[in-house]
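Student: Before I ask anything, here is the structure I am working with.
The values are calculated or read from the model by the stated rules, or taken from the named source; none is laboratory data. Note that this is a predicted model, so its numbers are computed, not measured. Cβ placement follows ideal geometry from the backbone for every residue including glycine, while neighbour counts extend to all protein chains displayed. Just the protein is used for accessible areas: all its heavy atoms, side chains included, with ligands, DNA and RNA removed. Shrake-Rupley method; radii C 1.70, N 1.55, O 1.52, S 1.80 Å.
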Amino acid sequence: MTTPLLPNFLAGRWQTGTGAGLPLFDPVLGTELVRVSSAGLDLAEGFAFAREQGGAALRALSYGQRAALLGQIVEVLQKNRDAYYEIATANCGTVTKDSAVDIDGGIFTLGYYAKQGAALGDAQFLLDSARIRMAKDPLFQTQHILTPTRGVALFINAFNFPSWGLWEKAAPALLSGVPVIVKPATSTAWLTQRMVQDVVDAGILPAGALSIVCGSSAGLMDQLQPFDVVSFTGSADTGRIIRSHPAVAQRSVRCNIEADSVNSALLDPAATADSEAFNLLVSEVVREMTVKSGQKCTAIRRVFVPRALYDAAAQAIAAKLAKTTVGNPRSEGVRMGALVSREQFDTVQAGIAHLKTEAEVLFDGSQAALVDADPAVAACVAPTLLGSRQPADAEVLHAVEVFGPVATLMAYDGIEQAYELIRRGEGSLVMSVFSADPAFIAHTAAELGSSHGRVHAISPDIATLHSGHGNVMPMSLHGGPGRAGGGEELGGLRALNFYHRRTAVQASTAALDQWGATAVAYQP
Ligand code: NAP
């Protein structure tokens, strides 16, 4: 039976690609669901339409008006939530609470930017900091301003967050007045496509403001012109291709890359096996390994504990992991569903084998049977805890990100060695520190800040308040230096920077006074 080909939305109209297209599967049942194809699309027409019509229409609105549009998108998505959960179960293989991270996480982020944007009111561009005097006479000054770029924002997204991955980027782009063209990862493109369809059908956005191309990425980067921007989330290998494309390398297209990351968790050397910090670390590691079957770019991959606590930590984490039931997300009692595809299943198995060349197996969940799923068909991987008593001698453990329910426990001798081992990840999205000592937390944050986009400190006083090591919250920066791609997203209104151009206006005070309400002071 042939499954339907999902249409693309480009140049203001629904267009079905030519050919048979690429199939999308249910990763638990192995059945084909729908197909996608970008073959035969006139990309040049679509990009020009978005750039010219979508861009002009969005820029004609104020930040406040665009923020109101984001609020309307939230309402439409809320109304259709049930359909999104069904698609996520079928195409992403996730249990309800994991689908929520993606679906409700995306809607929450949109809502956050709707509120932040409303506060910018009637303005059409931003004032960056105060004026600076440039001559002895204060009449000649410089004022930095930020104006929306007159191009499109192309998003090339990863498979693990088909909803959040779109909205966390589209919210600041649309709020900035920049039209969006999204290319979701093929294996999970259905949810993104359906959300865009609902928003388009609701007629909220001006024509050309939001487009979607599903299927092959061929030719997309070739369309980019100097004032366009591209935001990529995915593997470091594809990131390198994007970065070296002539659009970026020769035409100066602004480029944001979010890539692999070997994130860490660190237990205070002063912790004991019966301390609250120890228990908090154990719970967070288990949560990070199992939420979305470990398919989170921010998930904990390396766990550093003082050598004296290595065995106790291994036992405590293993005991909790043993309670994780894995299988069909439709079955009651299943806590962890599948990876997104059988290809990812093979990649994760190969990754575990690679890590094992330097690590011992502390817990292997694959001994337990899958619930209501055929192990020969389903892309279900049970949690695996590996361990190394000599992480200083390891190479692979600090370099290879296995994108599944896998983490490696590591023993450290002294805090300076722990810091050095964490830095061997060569730049990560996030590290978390577990301690009851505020001074230790503050010191660690300053020590490891330069190699991380985010430092998440979990102490007993905020045990019930904190947002979680791996949860990306819109008010905090998301991104990381080095191997994590060097990108920056979110961080409240900081996210608007990427979609604006900064200009120094050097003029008389009288001229600088003319903007009035068209400009607003920008406080990220
Ligand atoms: P991927 O294979 O690099 O694919 C990412 C996206 O790039 C997909 O949309 C893919 O399309 C597209 N693509 C592939 N080849 C391309 C090319 N030559 N030119 C332009 N686009 C191309 O990565 P993935 O396997 O989907 O994602 C998993 C990785 O993403 C993990 O390593 C994870 O760490 C990383 N990730 C990072 C973050 C973060 O925020 N830092 C978030 C999530 C995931 P097709 O699907 O059609 O091939």
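Student: Considering amide H positions built from the backbone, and no H for Pro or chain starts, which residues 5 or more places from T272, or on another chain, come under 5 Å of its amide H?
Tutor: Under 5 Å from the amide H of T272: F278.
Student: How compact is segment 119-264 by the rule of thumb for globular proteins, expressed as Cα Rg over 2.2 N^0.38 Å?
Tutor: Working: Rg = 18.3 Å, N = 146, 2.2 N^0.38 = 14.6 Å.
Expressed relative to 2.2 N^0.38 Å, the Cα Rg reads 1.25.
Student: Quick one: with all protein chains in place, what share of the accessible area of the chain is carbon or sulfur, to the nearest percent (1.4 Å probe)? List each step's numbers first, then the result.
Tutor: Numbers: 10760 of 19950 Å².
That share works out to 54 percent.
Student: So if each residue of separation counts as 0.36 nm, and I subtract the Cα-Cα distance between E343 and K356, what length gain in nm does that give?
Tutor: Details: separation 13, 0.36 × 13 = 4.68 nm, distance 2.00 nm.
So the chain would gain 2.7 nm between E343 and K356.
Student: Tell me the angle of helix 310-321 to the major Cα principal axis of the chain, expressed in degrees between 0 and 90 and rounded to the nearest ten.
Tutor: Computed tilt is about 70 degrees.
Student: To continue, here is another question. Starting from the Kirkwood Rh over alpha-carbon pairs, what translational D in µm² s⁻¹ does segment 307-433 have by Stokes-Einstein at 20 °C and 1.002 mPa s?
Tutor: Values: Rh = 15.7 Å.
After rounding, the answer is 136 µm²/s.
Student: Near R51, within a Cβ-to-Cβ distance under 9 Å, what is the net charge of the other residues, with Lys and Arg +1 and Asp and Glu -1? Walk me through the numbers before you get to the answer.
Tutor: Numbers: positive: R150; negative: E52, D228.
Its environment carries a net charge of -1.
Student: Less than 15 Å Cβ to Cβ from M195, Lys/Arg counted +1 and Asp/Glu -1: what total charge do the surrounding residues give? Don't skip to the answer; put the middle values down first.
Tutor: Numbers: positive: K79, R81, K169, K183, R194; negative: E75, D82, E86, D102, D104, E168, D198, D201.
Summing Lys and Arg as +1 and Asp and Glu as -1 gives -3.
Student: Still on this model: State the extension gain, in nm to one decimal, for the chain segment bounded by K115 and D374, taking 0.36 nm per residue of separation less the distance between their alpha-carbons.
Tutor: Values: separation 259, 0.36 × 259 = 93.24 nm, distance 4.57 nm.
Here the segment from K115 to D374 would lengthen by 88.7 nm.
Student: Let me ask something else about it. For a test of the definition: using alpha carbon positions, the gyration tensor, and the 1.5 limit on a/c, classify the chain as rounded, prolate or oblate. Intermediate results must be reported in sequence, preceding the final value.
Tutor: Details: a/c = 2.03, a/b = 1.27, b/c = 1.60.
Note, shape of the chain comes out oblate.
Student: Of the listed pairs K97/K292; K292/K323; K97/K356; K292/K320, which have alpha-carbon separations greater than 20 Å here? Mind dumping the intermediate values first?
Tutor: Values: K97/K292 9 Å; K292/K323 16 Å; K97/K356 30 Å; K292/K320 17 Å.
In this structure, K97/K356 lie more than 20 Å apart at Cα.
Student: Among residues other than P226 whose Cβ falls under 12 Å from its Cβ, what is the net charge (Lys/Arg +1, Asp/Glu -1)?
Tutor: On the way: positive: R51, R150, R251, R254, R501; negative: D228.
Local charge sum for P226: +4.
Student: Under a plain spin-label model, where a point goes 7 Å from the Cα along Cα-to-Cβ, how far apart in nm are T31 and H443?
Tutor: Between T31 and H443, the simple spin-label model gives 5.9 nm.
Student: Find the accessible area per residue for segment 365-524; the probe is 1.4 Å, ligands and nucleic acids are left out, and the unit is Å².
Tutor: Numbers: 6490 Å² over 160 residues.
Per residue, segment 365-524 has 41 Å² of solvent-accessible surface.
Student: Now a separate question. Helix 164-176 against the longest principal axis of the chain: what's the angle in degrees, Cα atoms only, rounded to the nearest 10?
Tutor: Roughly 20 degrees between the two axes.
Student: Between A249 and V505, take the C-beta separation as r, use R0 = 41 Å, and let me know the FRET efficiency to the nearest 0.05. If you can, show how the numbers build up before the last one.
Tutor: Details: r = 30 Å, r/R0 = 0.73.
E between A249 and V505, to the nearest 0.05, is 0.85.
Student: List the extent of the Cα atoms of segment 82-168 along each of their three principal axes, largest first, rounded to whole Å.
Tutor: 68, 25, 18 Å, listed from the longest principal axis down.
Student: Also: Over the C-alpha atoms of segment 468-524, what are the Rg and the largest Cα-to-Cα span, Dmax, in Å?
Tutor: 16.4, 50
Student: Restricting to bridges with both residues inside segment 236-391, how much of the DSSP beta-bridge set is antiparallel, in percent to the nearest 5?
Tutor: Details: 4 of 10 bridges.
Once the DSSP bridges in segment 236-391 are tallied, antiparallel ones form about 40 percent.
Student: Can I ask one more? Under 20 Å Cα to Cα from K169, which lysines show up? Leave out anything in the same chain fewer than 8 places away.
Tutor: K115, K183, K296
Student: Further question: With label points built 7 Å along Cα→Cβ from the Cα atoms of L465 and T2, find their separation and express it in nm.
Tutor: Modelled inter-label distance: 5.9 nm.
Student: Another one. Cα convex hull of segment 1-106: mean projected area in nm², to one decimal? Don't jump to the answer; show the numbers that get you there.
Tutor: Working: hull surface 33.8 nm².
So the mean shadow area of the Cα hull is 8.5 nm².
Student: Return one number: the angle in degrees, 0 to 90 and rounded to the nearest 10, between the long axis of the Cα atoms of helix 342-356 and the longest principal axis of the Cα atoms of the chain.
Tutor: Once rounded, one gets 60 degrees.
Student: If segment 250-340 were replaced by its equivalent ellipsoid, with semi-axes equal to the square roots of 5 times the Cα gyration tensor eigenvalues, what would those be, largest first, whole Å?
Tutor: Values: eigenvalues 171, 108, 14 Å².
Sorted largest first and rounded, they come to 29, 23, 8 Å.
Student: Right, next: Can you give me the P(r) profile for segment 405-453? Cα pairs, bins 5 angstrom wide beginning at 0, each as a whole percent.
Tutor: 4, 17, 29, 29, 16, 4, 0
Student: Can you pull out the GluC sites (Glu not before Pro) in segment 377-470 whose DSSP state is coil and whose Cβ has at most 16 other Cβ atoms within 10 Å?
Tutor: Details: sites: E395, E401, E416, E420, E426, E447; in loops: E395, E401, E426.
Sparse-neighbourhood loop GluC sites (Glu not before Pro): E395, E426.
Student: By its C-alpha gyration tensor, with a ≥ b ≥ c as the square roots of the eigenvalues, how is segment 132-186 shaped: rounded for a/c under 1.5, else prolate for a/b larger than b/c, else oblate? Mind showing how you got there, number by number?
Tutor: Details: a/c = 4.83, a/b = 3.80, b/c = 1.27.
Prolate shape, in that a/c is at least 1.5 and a/b is the bigger ratio.
Student: Indicate the gyration tensor shape class of segment 377-491 (rounded, prolate or oblate), computed on the Cα atoms with a ≥ b ≥ c the square roots of the eigenvalues: a/c under 1.5 is rounded; otherwise a/b larger than b/c is prolate and the rest oblate.
Tutor: Numbers: a/c = 1.35, a/b = 1.13, b/c = 1.20.
Here segment 377-491 falls in the rounded category.
Student: Run through the DSSP bridge list for the chain and note the antiparallel percent, rounded to the nearest 5. Mind showing how you got there, number by number?
Tutor: On the way: 28 of 75 bridges.
Antiparallel bridges make up about 35 percent of those DSSP assigns within the chain.
Student: Given R₀ = 41 Å, FRET efficiency for W515-Q225 by Cβ-Cβ distance, to 0.05?
Tutor: On the way: r = 28 Å, r/R0 = 0.68.
That pair, W515 with Q225, gives E of 0.90.
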